[in-house]
Amino acid sequence: MEDIAHIVSKIYSKINYEDLPKDVSKITKMFIMDSIGTSLAGTRAPGCKETVDIFKKIGGNPESTVMGFNLKLPAFSSALINSMTIHALDFDDTYDPAAMHCYTSVLPTAIALAELKGNVTGKELINAVVMGVDLCARLGAAINSPLSWIRTSTCGSFASVLAACKILKLPKEKILNALGIVYSQTSGNAQCLIDGGLAKRMQPGFAASSGVLSALMSESGLTGAKEVFEGKYGYLNLYERGNYNRKVVLENLGKEFYGTRISIKPYPSCRMTHASIDAALYLKENYQFEISDIDKIELYTSKMVKDMVGSPFQVRENPQVDAQFSIPYTVSVALIEGKPFIDDFYDDRVRNFKNMDLVKKINVLIDEQLEKRNISSSTIKLYLKNGKIFNHNVHVFKGNPKNPLSESEYVEKFKKCANFGIKKFNQSQLNELYEKILNLEKIKDISELTRMLS
């Protein structure tokens, strides 16, 4: 049986922008816009400026733009930083069935190598991103085991190197070697998520950076593993213990692109908190009650959601991360303030949250009827001191392709995020940036876009 790596190398190597369905290109531009917006906002997130300072000290050739900073660094450095800022606020895209992010590794790698190579068109960038996102989501969807490895990082490393290879226009043999080389660097675990470490936002950056390096190494003739995914010690057998569905990766490969299945996030927190936020917002908007009237709240979720974001809330060394990955905190914000936004997760805001009593009244329980990895469903039961009970079920959360954000909603998100960052835009500049991304396929050199982001 031919390893998946051989098959994807052959098929992806042949696909050009002209082969993409029009809706795929349009959707990809929307997510590129969303990712750039979250990156600009993420420049203020804890750990990001410190990481920039580290790489400034390391130095190197000014090859590609660090978005939101007046700075160019070597391509592998800027890819890591841009990935980190995209992901830092947990406001970036998700592929919901696999509870993973796809653009956060793929886009920074593609942009970094496009600038390094030079004269890369908008069409070529879109095509590279489409390929990387497609592979990322397909791998994530094929894996049946619960989270232990963070697939945003593990699958993201293969996705980012594929995007890099497409920018460099490498043939199938070198794409295969690049996948093998990046496999030697593939990593990313869920323990940093559970422990609230800033490493959570860095892991996709490691994948982006290794994607840059691995593609360049393969281009130069270096070789890697060949049975990358299904060999005895291939990724799907070693990391995922063979618990995967091969058909999911290969079915309609090169004809259907999973980028159309990705979600845009409406709230800057872990996607596993969003169904519960939606449920809380529904109660706030449709029933009359005071926060002081609440006796207790129960949220019923899948086992994975309970395990990852359903623990009693506590503030540790990184309050922003603690809040981003907490249903009790995010639901409390939704009930008190309404739709959560970036400033609700600032360290000082979290430490001094004005109604910690409400947070302590929220209990997350397992809904045994839900599939263990379901992240899109939640049931809320709100008990008032007078005996009344309000409840609501969410089955498809906001931002999913089956319940999408409107165009005005995702454009508003982009502009609000861009205005949140270190770099300041006036309205004219922001509109110009929006139009540039909207018409990305018309750009002759990607530097037309990146110079607006520095």
*Scanning for something part of a helix (DSSP H, G or I), under 17 Å from G254 (Cβ atoms) and open to solvent by 10 Å² or more (accessible area, probe 1.4 Å), does segment 83-103 turn up at least one residue?*
no
*Residue list for segment 231-251, restricted to those being touching a Gly at 6+ places or on another chain (Cβ under 9 Å) and either buried (at least 19 other Cβ atoms within 10 Å of the Cβ) or within 16 Å of C136 (Cα to Cα) (or both)*: L236
*Would you pick out the residues in segment 419-444 that are out of contact with any Gly (no Cβ under 7 Å at 6 or more places or on another chain), outside any helix (DSSP H, G or I) and not polar (S, T, N, Q)?*
F420, K424, F425, K444
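Output the residues belonging to segment 10-39 that are among the aromatic types (F, W, Y) and open to solvent by 40 Å² or more (accessible area, probe 1.4 Å).
Within segment 10-39, just Y17 meets the criteria.
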*If you go through segment 48-70, how many residues are in a loop (DSSP other than H, G, I, E, B) and either in contact with a Cys (Cβ under 6 Å, 6 or more places away or on another chain) or surrounded by fewer than 17 Cβ atoms within 10 Å (Cβ to Cβ) (or both)?*
5
*How about segment 383-402: which of its residues are closer than 20 Å to Y267 by Cβ, in a strand (DSSP E or B) and either without any contact (Cβ under 8 Å) to a residue 12 or more places away in the chain or open to solvent by 30 Å² or more (accessible area, probe 1.4 Å) (or both)?*
H392, N393
*asked:* Residue under question is T260, and the condition is that it be modelled with pLDDT of 95 or more, part of a helix (DSSP H, G or I), of a type in the set (S, T, Y) and open to solvent by 20 Å² or more (accessible area, probe 1.4 Å); does it hold?
replied: yes
*How many of the residues in segment 339-389 are acidic (D, E) and in contact with a strand residue (DSSP E or B) (Cβ under 7 Å, 6 or more places away or on another chain)?*
1
*asked:* Can you list the helices (runs of 4 or more DSSP H) lying wholly within segment 285-382 that have 2 or more residues being modelled with pLDDT under 95 and open to solvent by less than 10 Å² (accessible area, probe 1.4 Å)?
replied: 319-324
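Name the residue that is farthest from Y267 (Cα to Cα), counting only residues in segment 1-47 that are assigned to a helix (DSSP H, G or I) and among the basic types (K, R).
Among those residues, the one meeting the criterion is K10.
Condition check ((1) touching a Cys at 6+ places or on another chain (Cβ under 6 Å); (2) surrounded by fewer than 23 Cβ atoms within 10 Å (Cβ to Cβ); (3) part of a helix (DSSP H, G or I)) across all residues:
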site: C155; (1), (2), (3): yes, no, yes
site: F158; (1), (2), (3): no, no, yes
site: L170; (1), (2), (3): no, yes, no
site: L176; (1), (2), (3): no, no, yes
site: I194; (1), (2), (3): no, yes, yes
site: G197; (1), (2), (3): no, yes, no
site: A207; (1), (2), (3): no, no, yes
site: S210; (1), (2), (3): no, no, yes
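The values are calculated or read from the model by the stated rules, or taken from the named source; none is laboratory data. All figures in this text were calculated on a predicted structure; none of them were measured in a lab. Heads up, the Cβs are rebuilt from the backbone with ideal geometry, glycines too, and the neighbour counts pull from every protein chain shown. SASA here: full protein model, heavy atoms, side chains in, ligands and nucleic acids out. Shrake-Rupley method; radii C 1.70, N 1.55, O 1.52, S 1.80 Å.
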